[in-house]
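Q: I have a structure here, written as structure tokens, and I will follow up with some questions on it.
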Amino acid sequence: MRVFVSYQRRDALWPAHLVGYALRAAGHHAFVDTGDIDGGAPFRDVIAQAIGQANVVVALVGAGFDTARLHEPANVIAFEWQRARFHGLPVVPALVDRPGMPADADLPAPLRWFTRANAWPLRSATLGPDVDALVAGLPRLAVVPRQAARVLWVDDKPANNEGERARLRPHGLVFDNVVSTAEALAQMAFAPYDLVITDLGRSGSSDHSSQAGHQFLAEPALRNGGPPVVVYGNLAARIRAKALLAQGAAAVCTTPDGLIDTVLTLLGRDASGSAPAVTAPPVSPAAAPSPAAPSRRARGPAGR
């Protein structure tokens, strides 16, 4: 099992390394940035790669945890939490000598999903048993990291779809946007895609055609083993849906909600959220003493 340990250095540096040592002693791989990033290495790239290979993330929150820093545009802890969700990883909060988590209102809105997770207590008075209980419980939460799904979006007015892309990204999707069939075919020749989304008419690009979607579906690159194609349009797409499906379209969508549900279904993603809420498993007496059971009173988020 590979575990990524997330923490604020001024808040929980020593507990982070203690958890890392305990995980390694139990035969697991633990990533703690101050010991696992070489000097001169691209920090965020290394972090992103480590999270993409992890099976679970432990987020330490101590008494000095600074929620204000999570609002900074380049904050590393916010990046780690969001990256973990992108890969569908459980993010397990561990409270270091504090009775509860930060208030939901103190967190940036994109991070408030963390309030649904139960917290593991790490208390100075029972630190050894608490850490042992955490290490023993993590394998029951570990998952295979979800890799990014790459989507090519063909639309001569890409700004019109910013809202839909924003809703889909947390589910592990990344997008390349092009404005014409010619660009789409060139892009597909150089990069693999899991899904293609196309509009129906493109008057604002080199296509200059209200039939651009139909013509795109007829291209050999799509008909001969290409990725599934979703047509996203308005009333015209609904009227032509039968013909588009007969041409090979995987689906025809005319509303944002319909598109979101269809894309996530085709990619095998959970439409209810980017990753499940984490509920810490019960700790059996054989695994750890009863004081180390996860705290169900303390709910909310964690973080470096």
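Q: Calculate, for ALA236 and ALA191, the FRET efficiency according to 1/(1 + (r/R0)^6) with r their C-beta to C-beta distance and R0 30 Å; round to the nearest 0.05.
A: Values: r = 29 Å, r/R0 = 0.98.
According to the calculation, E is roughly 0.55.
Q: Could you work out the helix-only [θ] at 222 nm for the chain, with each DSSP H run of four or more residues adding -39,500 (n - 2.57) and the total divided by the number of residues, to the nearest 500 deg cm²/dmol? Mind dumping the intermediate values first?
A: Numbers: 12 runs with 104 residues, N = 304.
Computed mean residue ellipticity for the chain: -9500 deg cm²/dmol.
Q: Turning to a different aspect of this structure: Quick one: what does P(r) look like for region 149-266 with 5 Å bins over all Cα pairs, in whole %?
A: Bins of 5 Å from zero give 2, 12, 25, 27, 22, 10, 1 percent of pairs.
Q: Further question: Counting pairs of Cα atoms in the chain, how many percent are more than 34 Å apart? Walk me through the numbers before you get to the answer.
A: On the way: 16114 of 46056 pairs.
More than 34 Å apart: 35 percent of the Cα pairs in the chain.
Values quoted throughout were computed directly from the atomic coordinates according to the rules given, and no laboratory measurement underlies them. Just so you know, these numbers come straight off a predicted model, no measurement behind them. Here Cβ is always computed from backbone atoms with ideal geometry, including for glycine, and neighbour counts include all displayed protein chains.
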